[in-house]
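A short worksheet on the structure shown next.
Please treat every number below as a calculation from the coordinates, not as lab data. Note that this is a predicted model, so its numbers are computed, not measured. Glycine also receives a Cβ, built like all others from the backbone with ideal geometry; neighbour counts cover every protein chain displayed.
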Amino acid sequence: MLEQAKIDRINELSRKKKAEGLTANEKIEQEELRREYLKSFRTHMKGTIENTTIIDPNGKDITPKKSKTNAKKKGSKLNEMSINEQMRKNNDHFCVFS
């Protein structure tokens, strides 16, 4: 994720923009920081989604084949474990439909 100092700077520039406005250089800096933040966010979100396993109420893995294939290509360790191991180790990476 993005360094905390950069996130703090994004917030500082946002507050300043609302209060008094930004200089041309600050506007450029703000835009660059926002782009960097969004790139980092998207990268991490993509990784989370690619490593998510979907389990139905009966415990059956119903993850789309395309997701499994992409994760295997990238060497995901989650796909090498049994479903029960995955559930124990990564509860926050599961969707259960009822």
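Applying 1/(1 + (r/R0)^6) with R0 = 35 Å to the Cβ-Cβ distance of K60 and I7 gives a FRET efficiency near 0.30.
In terms of its alpha-carbon gyration tensor, region 19-62 comes out prolate; a/c meets the 1.5 threshold, and the first ratio a/b outweighs b/c.
Overall, region 4-47 carries a charge dipole of about 240 debye about its Cα centre when +1 sits on the Cβ of Lys and Arg and -1 on the Cβ of Asp and Glu, all other atoms neutral.
Residue by residue, region 51-57 carries 3J(HN,Hα) couplings of 9, 9, 10, 9, 10, 7, x Hz when phi is fed to the Karplus relation 6.51 cos²θ - 1.76 cosθ + 1.60 (θ = phi - 60°); x denotes Gly or Pro. Taking amide H atoms as placed 1.01 Å from N in the peptide plane, the amide H of T63 lies under 5 Å from those of I54, each 5 or more residues away in sequence or on another chain. The lysines whose alpha-carbon is closer than 26 Å to the alpha-carbon of K73, local same-chain residues fewer than 8 away aside, are K39, K46, K60, K65, K89.
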